[in-house]
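Participant: Please read through the structure below; I'll follow up with questions.
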């Protein structure tokens, strides 16, 4: 679920086809996203999922897979 929601938002923010996005892709090199794009992506995921995703540490996320893990962590109770 997180992966599909993330792909949808990445595609909307970066103007891509969601089917082109894979877990192994990097935001900077493969997708051409910058830190503002990453922030917009996570805010979009919050809207899509209703989760509150902490923004501290977003700058350390480099791949789509890491982003999925970040979202899953936000979904999991402490």
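Participant: Looking at the stretch 24-56 only, could you name the residues that are exposed (fewer than 14 other Cβ atoms within 10 Å of the Cβ) and touching a strand residue (DSSP E or B) at 6+ places or on another chain (Cβ under 9 Å)?
Facilitator: Within the stretch 24-56, 24 is the sole residue that qualifies.
Participant: Give the residue that is nearest to residue 72 (Cα to Cα), with candidates limited to residues of the stretch 2-23 that are exposed (fewer than 14 other Cβ atoms within 10 Å of the Cβ) and without any contact (Cβ under 8 Å) to a residue 40 or more places away in the chain.
Facilitator: Checked the stretch 2-23; the qualifying residue nearest to residue 72 (Cα to Cα) is 4.
Participant: Considering the stretch 1-26 alone, what residues qualify as being outside any helix (DSSP H, G or I) and modelled with pLDDT under 95?
Facilitator: 1, the sole residue that qualifies.
Participant: Looking only at the stretch 48-66, count every residue that is at pLDDT 90 or above and within 17 Å of residue 5 (Cα to Cα) and tell me the total.
Facilitator: The total comes to 4.
Participant: Every residue in the stretch 29-78 that is assigned to a helix (DSSP H, G or I), under 9 Å from the mean Cα position of the chain (by Cα) and touching a residue at least 40 places away in the same chain (Cβ under 8 Å), please.
Facilitator: 45, 64, 65, 67, 68, 71
The values are calculated or read from the model by the stated rules, or taken from the named source; none is laboratory data. Just so we're clear, the structure is a prediction, and the values are computed from it rather than from any experiment. Every residue, glycine as well, gets a Cβ built from its backbone with ideal geometry; the counts of neighbours run over all protein chains shown.
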